[in-house]
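Shown next, in structure tokens, is the structure this report addresses.
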Amino acid sequence: KVEFRQKSGKWERYSSFIRDLAINLSFYSNAAYEKLRSIFTLPSVRSLRRYLAPVGCSSGILRNALSQIQKDIADGKQGKTP
């Protein structure tokens, strides 16, 4: 039995735990995810794409990481681990 619950005016079929698990599984192996999906009730790959669509991703270096690297270089911590 599939239970639906209402959240912010929309009906959700899967809990956030199942959704996150499905995203992680499909990330590592899409074929394995499809096999598990034939056994268990899991979101479709299309649904996973829709869940991930609002996540902002861009290429390049994160500004926070770059500023930390610049600070470490200025402090003389090149190549040294804490």
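Brief remarks on what is shown
- GLN70 vs. criteria of a type outside the set (Val, Ile, Thr) and either modelled with pLDDT under 80 or open to solvent by less than 60 Å² (accessible area, probe 1.4 Å) (or both): no
- Within the range 27-67, restricting attention to residues that are modelled with pLDDT of 85 or more and over 20 Å from ARG13 (Cβ atoms), the residue that is most open to solvent (accessible area, probe 1.4 Å) is TYR28.
- Those residues of the range 6-26 which are hydroxyl-bearing (Ser, Thr, Tyr) and modelled with pLDDT of 85 or more, in sequence order: SER26
The values are calculated or read from the model by the stated rules, or taken from the named source; none is laboratory data. Predicted model, so just to flag it, every value in this text is computed and none were measured. Reconstructed Cβ throughout: ideal geometry from the backbone, glycine too, with neighbour counts over all protein chains shown. In case anyone asks, the SASA skips ligands and DNA or RNA and just uses the protein heavy atoms, side chains included. Shrake-Rupley method; radii C 1.70, N 1.55, O 1.52, S 1.80 Å.
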